[in-house]
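Report on one structure; see the data block that follows.
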Amino acid sequence: MTSTQRQPTQSQPAQGQPTQSRVQDAAQRSVGTASPRIEAWDKVTGRAPYAVDHPVPGAAYAWVVQSTVARGVVVDVDTSRALAEDGVLGVLWHGNAQRLESVGDPELMVLQSARIAYRGQVVAVVVATSPEAARAGADLVRVREDGMTSDTVLRIDHPALYQPVQVNAGYPARSAIGDVDAGLAAAAVRVDATYRTPAEHHCAMEPHATTAFWERGCLVVFDGTQASTAVSETLAGLFELPPQSVRVINEHVGGGFGSKGGPKPNVVLAAMAARLVGRPVKLALTRQQLFAVAGYRTPTIQRVRLGAATNGRLLAIGHDAVSQTSQLSEFVEQSAVLSRHMYAAPNRLTTHRVVALDVPTPVWMRAPGECPGSFALESAIDELASAGNWDPVRLRIDNEPAVHPEEQIPFSSRHLVQCLQEGAERFGWTDASGRVVRDPRPAVRRDGEWLVGTGVAASTYPSLTWPSTALARATADQRFDVEVNAADIGTGARTVLRQIAADALDVPIAYVEITVGDSAIGPATVAGGSMGTASWGWAVTKACRLLRERIERDHGGRVPTGGVAVRADTTLEIRDRPEFSRHAYGAQFCQARVSTMTGEVRVDRLLGVFAAGRIVNPTTARSQFIGGMTMGLSGALLERSVLDSRTGDFVTGDLAAYHVAVSADVPRIEVAWLDEQDPHLNPMGVKGIGEIGIVGTAAAVANAVHHATGIRVRDLPIGLAQMIGKLH
Amino acid sequence: MRVNLTVNGEARQADDVWPGESLLYVLRERLGLPGAKNACEQGECGSCTVYLDGTPVCACLVAAGQAEHRDVRTVEGLPGPDGLDPVQQAFLSAGAVQCGFCTPGLVVAVHDLLARNPTPSDPDIREALAGNLCRCTGYENIVAAVKLAAGA
């Protein structure tokens, strides 16, 4: 064991004591403690303003009209009846909308042409004095569409599949080492299986919404976004404005999960509408409208081939992923990328292919790539364990790589083995001496009508960091204001950044005010990629340390009457970091039961053990892990967006048809983390925790269902259809 | 039309109400009470839960006219003269708040649950709150908050 202590420091922080002194730096007092969420009071009293909650005098309301064909052109838009409706102020469509300057994202070129690239694309916007009048007006807009034959179904044999140059996050589409076919041929035990994951929708509780107004040539926007810097830069480009003329405020955001990771059509449309009617405009998409407009996780089809020697050592790993994109832009889910570093093997091949269909463009959704990819890889590892009669925990441990197996660079830290061992013991998979006590036989444990089983899967997510800026200001009365354009989408970013600032300033947290969620603060990166705390926290730390230095050096340790302010930018530090493979790792254990009477699948128990660097706040961190695992459980058992191939429409387009886990679906979820010290990350030593919780959950559930029933499900979600008629 | 109703103990009027408007819209846009949230507009998510004559309802499913001469209590009206309601306090203490968009509806739903059942079991809680969707927390800390409030 390296720097990691075996014993997780904190598994039940909400009920337990605050974390002990895991932080060795004496100056760090706040990091590691369960500092309460700063804005929680505003949220429990209903006073926290979201994008369309701000009181804006004279606001008008916008309502979108969507295409009803998946491919075609808008021939004509008749707005006369809508304009005659009481309260309607104007109607925008491509015939009268202002021209936008392209910024490279065709999804944002709203109302710029007659082309329809997917069903549900916005083809007109009605602005009125009330949302009800706008909605009534939208019903009266007559859009004549010329629909053409459309192609909306992802198939593994689709003739238009191609290998892109790159996949998301800039990874190469293909990697090859050795000879996979030769490795498979030499293997004593093989798996060759194809897994399917469905389209999924984020369903953040706050629908995408914007309030926009123009003031003396400047555009001010309240937008429910994960990235107000990116939104402001994009709006400046689209409307050809100087960057400082656009301000985007996202003080509170009702969840995102990737769907708000960049500007969406709603913010552009609201700005156009506000300019049209010369007054502020609120545009709140309805839940149903979101399903086409706000993005989704692509469905995937993934073939995994594994071959192992008689001792369980992998000789070959092959992972071929297929996904879809739209006709508007190329989006390639990086589903096979995790197979490049999870396990050691001399022969390796990963490929990605994509096909452009007449569908909305997929977007990032919590752990893009790793989430669907881990279902395939971690199911296949379980299949290999069954085929070779190996314990699935042991099999993973036996294939632990010493360095990144494809890039041959060191891991900054990697404690997957310890997560597996710790989890196995806590779960009762092994006894205190590490001996496996789980009966590997499938379909032999009965509890009345139920068959019961357990499964395991590994988790991983990259530890990314992106340049950001922050501002730190000291006042003469010994208070500190710290500003960074983070987005707190429910993660607790505001709270942990204040903790980080307090420690960097070496003052108690009560002396620090933190401000986030406003592009006017200065550029900062998106709340996405699990990199917020690392990226914003680095800028905050740098600004606070520079501030302290300046107070000491220039002012003899006393803050002058006018105060002192420092702005920091981390671009250079991040660019100059040495090369490491930086990832968080984890292990998830599941107990599932399947009714032999009804085929119902229930999860009894989920345990996740993670090694994700330093944990800044055990309360918010635990919530992030549990929330991720719950979304993983939801994806395993419930979530599937069904696209009607005839119309190109998501027919599961509301929360009645698209099921997400409710409280009654979720068992008690246990979370623990290792005390991982990693000096190669950032000044705080954090890895990011927003996404890893969802990675591997579905495989852990599917593996438990197999152990319970003997039925191997390779097509999510796991439901009655795969059980009925096969249970005995 | 004009709608007369009592909101959080105060007599209120909303003018020029379109007959098709929801109570949710009246509260949010006409009476300056944006606490109740609109997340599905068809009664699936519980984010707009308010009391109507003491019964929790989805305000998005109540027509404005149905609230005439009735008593509405929203999350904004839960705190007493001494500060937060124990349910709100429990949400803070248990760390049951994340993005916060489901929170106002959940706080009202929990308030109602505890009024009906002061000592709910785990399954009672999970069943009672199954109509209030949360996408962030995994419900774990919300269940903890209910237990905390029940013990308060």
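Could you go through the range A:720-728 and let me know if any residue there is charged (D, E, K, R) and open to solvent by 30 Å² or more (accessible area, probe 1.4 Å).
So in the range A:720-728, the residues charged (D, E, K, R) come out as A:726.
Checking the rest, the ones that are also open to solvent by 30 Å² or more (accessible area, probe 1.4 Å) come to A:726.
Yes, the range A:720-728 contains a residue that is charged (D, E, K, R) and open to solvent by 30 Å² or more (accessible area, probe 1.4 Å).
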Filter the range A:648-700 down to the residues that are surrounded by fewer than 24 Cβ atoms within 10 Å (Cβ to Cβ), of a type in the set (Asp, Glu) and away from chain B (no Cβ under 14 Å) and list them by number. A:649, A:675
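Counting only residues that are more than 20 Å from residue A:696 (Cβ to Cβ) and open to solvent by 10 Å² or more (accessible area, probe 1.4 Å), how many does the range A:443-474 have?
From the range A:443-474, those more than 20 Å from residue A:696 (Cβ to Cβ) are A:443-452, A:465-474; that's our starting set.
Pick out the ones that are also open to solvent by 10 Å² or more (accessible area, probe 1.4 Å) and you get A:443-450, A:452, A:465-467, A:469, A:471, A:473.
Number of matching residues: 15.
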Being open to solvent by 10 Å² or more (accessible area, probe 1.4 Å) and at pLDDT 95 or above is true for just one of A:278, A:295. Which residue is that? A:278
Could you grab the pairs with beta carbons closer than 7 Å, sequence gap of 6+ or different chains, first residue in the range A:40-61 and facing another protein chain (nearest Cβ under 9 Å), second one outside any loop (DSSP other than H, G, I, E, B) and at pLDDT below 95? A:61/A:131
Where the second residue is open to solvent by less than 60 Å² (accessible area, probe 1.4 Å) and the first is on the phi > 0 side of the Ramachandran plot and lies in the range A:594-606, which pairs have Cβ atoms under 9 Å and are six or more apart or on separate chains? A:599/A:719; A:599/A:722; A:599/A:723; A:599/A:727
Take the residues in the range A:173-193 that are open to solvent by less than 50 Å² (accessible area, probe 1.4 Å) and closer than 14 Å to residue A:321 by Cβ; name whichever of them is farthest from the chain's Cα centre (by Cα). A:193
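Against the definition (open to solvent by less than 10 Å² (accessible area, probe 1.4 Å) and either at positive phi or not β-branched (Val, Ile, Thr) (or both)), how does residue A:62 come out, yes or no? Let's see the steps before the verdict.
Working: open to solvent by less than 10 Å² (accessible area, probe 1.4 Å): yes; either at positive phi or not β-branched (Val, Ile, Thr) (or both): yes.
For residue A:62, the condition - open to solvent by less than 10 Å² (accessible area, probe 1.4 Å) and either at positive phi or not β-branched (Val, Ile, Thr) (or both) - is met.
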Scope the range A:475-515; condition among the β-branched types (Val, Ile, Thr), farther than 22 Å from residue A:29 by Cβ and open to solvent by less than 10 Å² (accessible area, probe 1.4 Å); matching residues: none
Of the residues in the range B:1-23, those that are more than 11 Å from chain A (Cβ to nearest Cβ) and closer than 21 Å to residue A:134 by Cβ come to B:1, B:3, B:14, B:15, B:23
Please find, among A:558, A:567, the residue that is assigned by TED's automatic domain parsing to the domain that holds residue A:479, farther than 30 Å from residue A:727 by Cα and at pLDDT below 95. A:558
May I ask you to verify whether residue A:132 is of a type in the set (D, E, K, R), within 14 Å of chain B (Cβ to nearest Cβ) and either closer than 12 Å to residue A:268 by Cβ or open to solvent by 10 Å² or more (accessible area, probe 1.4 Å) (or both)? yes
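Within the range A:523-640, which helices (runs of 4 or more DSSP H) (wholly inside it) include 2 or more residues that are open to solvent by less than 10 Å² (accessible area, probe 1.4 Å)? Let's see the steps before the verdict.
On the way: elements: A:532-555, A:571-575, A:618-637.
The helices (runs of 4 or more DSSP H) meeting that bar are A:532-555, A:618-637.
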What are the residue pairs meeting all of these: first residue in the range A:160-177, first residue farther than 19 Å from residue A:461 by Cβ, second residue of a type in the set (A, V, I, L, M, F, W, C), Cβ atoms under 6 Å, and 6 or more apart or on different chains? A:160/A:355; A:161/A:355; A:163/A:173; A:164/A:173; A:164/A:332; A:164/A:354; A:173/A:167; A:176/A:349
Write out, first by first residue and then by second, each pair whose Cβ atoms fall under 7 Å of each other, whose residues are 6+ apart or on separate chains, and whose first residue, in the range A:248-271, is closer than 22 Å to residue A:367 by Cα while the second is of a type in the set (S, T, N, Q) and surrounded by fewer than 24 Cβ atoms within 10 Å (Cβ to Cβ). A:263/A:234
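Is there a residue being hydrophobic (A, V, I, L, M, F, W, C), within 14 Å of another protein chain (Cβ to nearest Cβ), outside any strand (DSSP E or B) and at negative phi anywhere in the range A:496-514? Steps first, answer last, please.
Of all residues in the range A:496-514, those hydrophobic (A, V, I, L, M, F, W, C) come to A:496-497, A:500-502, A:504-505, A:507, A:509-510, A:512, A:514.
This time we only want the ones that are within 14 Å of another protein chain (Cβ to nearest Cβ), so: A:496.
Checking the rest, the ones that are also outside any strand (DSSP E or B) come to A:496.
Among the residues that remain, those that are also at negative phi are: A:496.
Yes, that holds for at least one residue.
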Quick check, is residue A:192 in contact with a strand residue (DSSP E or B) (Cβ under 7 Å, 6 or more places away or on another chain), closer than 30 Å to residue A:643 by Cβ and more than 14 Å from every other protein chain (Cβ to nearest Cβ)? yes
For the range A:378-385, indicate whether the set of residues that are surrounded by fewer than 19 Cβ atoms within 10 Å (Cβ to Cβ), modelled with pLDDT of 95 or more and farther than 30 Å from residue A:681 by Cβ is non-empty. no
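Answer yes or no: is there a residue in the range B:38-49 that is open to solvent by less than 10 Å² (accessible area, probe 1.4 Å), on the phi > 0 side of the Ramachandran plot and facing another protein chain (nearest Cβ under 9 Å).
Within the range B:38-49, the first condition is being open to solvent by less than 10 Å² (accessible area, probe 1.4 Å), and the residues that meet it are B:39-40, B:45-48.
So of that shortlist, the ones also on the phi > 0 side of the Ramachandran plot come out as B:46.
Of the ones still in play, those that are also facing another protein chain (nearest Cβ under 9 Å) are none.
No, the range B:38-49 contains no residue that is open to solvent by less than 10 Å² (accessible area, probe 1.4 Å), on the phi > 0 side of the Ramachandran plot and facing another protein chain (nearest Cβ under 9 Å).
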Scan the range A:197-225 for residues that are outside any strand (DSSP E or B) and either of a type in the set (A, V, I, L, M, F, W, C) or within 12 Å of chain B (Cβ to nearest Cβ) (or both) and jot them down. A:201, A:202, A:203, A:204, A:205, A:206, A:207, A:208, A:224
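Anything in the range B:24-67 that is among the aliphatic types (A, V, I, L, M), more than 18 Å from residue B:107 (Cβ to Cβ) and in contact with a helix residue (DSSP H, G or I) (Cβ under 6 Å, 6 or more places away or on another chain)? List them, or say none. Even if it seems obvious, please write down each step before you answer.
Step one: filter the range B:24-67 for residues among the aliphatic types (A, V, I, L, M), giving B:24, B:26-27, B:31, B:33, B:36, B:39, B:50, B:52, B:57, B:59, B:61-64, B:67.
So of that shortlist, the ones also more than 18 Å from residue B:107 (Cβ to Cβ) come out as B:26, B:31, B:61-64, B:67.
Once the filter is applied, which keeps residues that are among the aliphatic types (A, V, I, L, M), more than 18 Å from residue B:107 (Cβ to Cβ) and in contact with a helix residue (DSSP H, G or I) (Cβ under 6 Å, 6 or more places away or on another chain), the range B:24-67 yields B:26, B:62, B:64, B:67.
Output the strands (runs of 3 or more DSSP E) that fall wholly within the range A:252-369 and possess 1 or more residues being away from chain B (no Cβ under 14 Å), or say none. Before the answer, list the steps.
Details: elements: A:281-284, A:300-308, A:314-326, A:347-357.
Here the list reads A:300-308, A:314-326, A:347-357.
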Can you name the condition, by its number, that residue A:249 falls short on among (1) open to solvent by 10 Å² or more (accessible area, probe 1.4 Å); (2) aliphatic (A, V, I, L, M); (3) within 22 Å of residue B:45 (Cα to Cα)? (3)
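Residues that are outside the structural domain of residue A:491 (by TED's automatic domain parsing) and either under 26 Å from residue A:295 (Cα atoms) or touching a Pro at 6+ places or on another chain (Cβ under 8 Å) (or both): list the helices (runs of 4 or more DSSP H) wholly contained in the range A:37-149 that include at least 3 such residues. Let's see the steps before the verdict.
Working: elements: A:40-44, A:80-84, A:131-140.
By residue number, A:131-140.
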So the check is Cβ under 7 Å with 6+ separation or different chains; which pairs have a first residue in the range A:531-548 that's among the hydroxyl-bearing types (Ser, Thr, Tyr) and a second one that's assigned to a helix (DSSP H, G or I)? A:533/A:493; A:533/A:496; A:541/A:500; A:541/A:504
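From the list B:87, B:62, B:72, pick out the single residue that is in contact with a His (Cβ under 8 Å, 6 or more places away or on another chain) and in contact (Cβ under 8 Å) with a residue 40 or more places away in the chain.
On the way: B:62 fails: in contact with a His (Cβ under 8 Å, 6 or more places away or on another chain); B:72 fails: in contact with a His (Cβ under 8 Å, 6 or more places away or on another chain).
Of the residues listed, the single one that is in contact with a His (Cβ under 8 Å, 6 or more places away or on another chain) and in contact (Cβ under 8 Å) with a residue 40 or more places away in the chain is B:87.
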Does the range B:58-72 contain any residue that is in a strand (DSSP E or B), buried (at least 21 other Cβ atoms within 10 Å of the Cβ) and in contact with a Phe, Trp or Tyr (Cβ under 7 Å, 6 or more places away or on another chain)? yes
Is it true that some residue in the range B:115-128 is in contact with a Gly (Cβ under 9 Å, 6 or more places away or on another chain) and within 12 Å of chain A (Cβ to nearest Cβ)? no
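The values are calculated or read from the model by the stated rules, or taken from the named source; none is laboratory data. This one's a predicted model, so the numbers in the text were calculated from it and none came from an experiment. Note that each Cβ is placed from the backbone with ideal geometry, even for glycine, and that neighbours are counted across all protein chains shown. Only protein heavy atoms, including side chains, enter the accessible area calculation; ligands, DNA and RNA are left aside. Shrake-Rupley method; radii C 1.70, N 1.55, O 1.52, S 1.80 Å.
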